[in-house]
Amino acid sequence: MKLKRLWQVFLTFFKIGGFTFGGGYAMIPLIQHEAVEKRKWVTDEDILDIVAIAESTPGPIAINSATFVGYRAAGVMGSAAATLGVVLPSFVIILALSFVLAQFQEVKYVQYAFRGIQAGVMALLFKALWTMYKKAPKSIASYIVMGASFLLTTFLPVNVIFVILGCGIFGILTSKFCPGLCKEGKK
């Protein structure tokens, strides 16, 4: 049974890693669909926590997310299976493409294909953002954190690590000294 679960974790993340273009953020909706809706390894709330932790730890968000979900699904070996599964397709594809792309990068159809892929990735990113927004707690404090984080990371040269630390400190201070700002509004 344990080996069957490990194989299932590996294949699930192999599929996610092999059929998602656009990096880690584009994988989040697929991880959510596979791990929450289809396999029931974790909950929607767990996905929010996993993404927050995965974004706060060193390394790519997709690999970190896969590692956390794999651990929840099948322990330490599950995290190894998920990590290998999500990384292996990219490694093989990039290795093959590196040889081919150098010869065909000037071909117009290849350039057009990449433009189309970029548009699809944007749609996946917006879907992930919308899904996370719907699940996230909504309060005055959360809107302040969201707006300030966006402004700092988009328009100022502030390191994301400092933004994440600042958000954590803001959350602690707000819940301790201004709990009214942390109360969720009506849904």
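Assorted remarks:
- Test: A66 is in contact with a Gly (Cβ under 8 Å, 6 or more places away or on another chain), assigned to a helix (DSSP H, G or I) and not acidic (D, E): yes
- Complete set of residues in region 80-134 that are polar (S, T, N, Q) and under 14 Å from the mean Cα position of the chain (by Cα): T83, T131
- On the stretch given as region 39-62, residues that are touching a residue at least 60 places away in the same chain (Cβ under 8 Å) and open to solvent by 80 Å² or more (accessible area, probe 1.4 Å) total 2.
Let's see how each residue does on (1) exposed (fewer than 10 other Cβ atoms within 10 Å of the Cβ); (2) in contact with a Gly (Cβ under 7 Å, 6 or more places away or on another chain); (3) touching a residue at least 60 places away in the same chain (Cβ under 8 Å):
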{"residue": "V121", "(1), (2), (3)": "no, yes, yes"}
{"residue": "M132", "(1), (2), (3)": "no, no, yes"}
{"residue": "P137", "(1), (2), (3)": "no, no, no"}
{"residue": "S149", "(1), (2), (3)": "no, no, no"}
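- Subset of region 1-53 (residues that are aromatic (F, W, Y) and at pLDDT 90 or above): W7, F10, F13, F14, W41
The values are calculated or read from the model by the stated rules, or taken from the named source; none is laboratory data. Every value quoted in this text rests on a predicted model; they were computed, and no experiment measured them. Note that each Cβ is placed from the backbone with ideal geometry, even for glycine, and that neighbours are counted across all protein chains shown. These area figures cover heavy atoms from the full protein model, side chains too; ligands, DNA and RNA do not enter into them. Shrake-Rupley method; radii C 1.70, N 1.55, O 1.52, S 1.80 Å.
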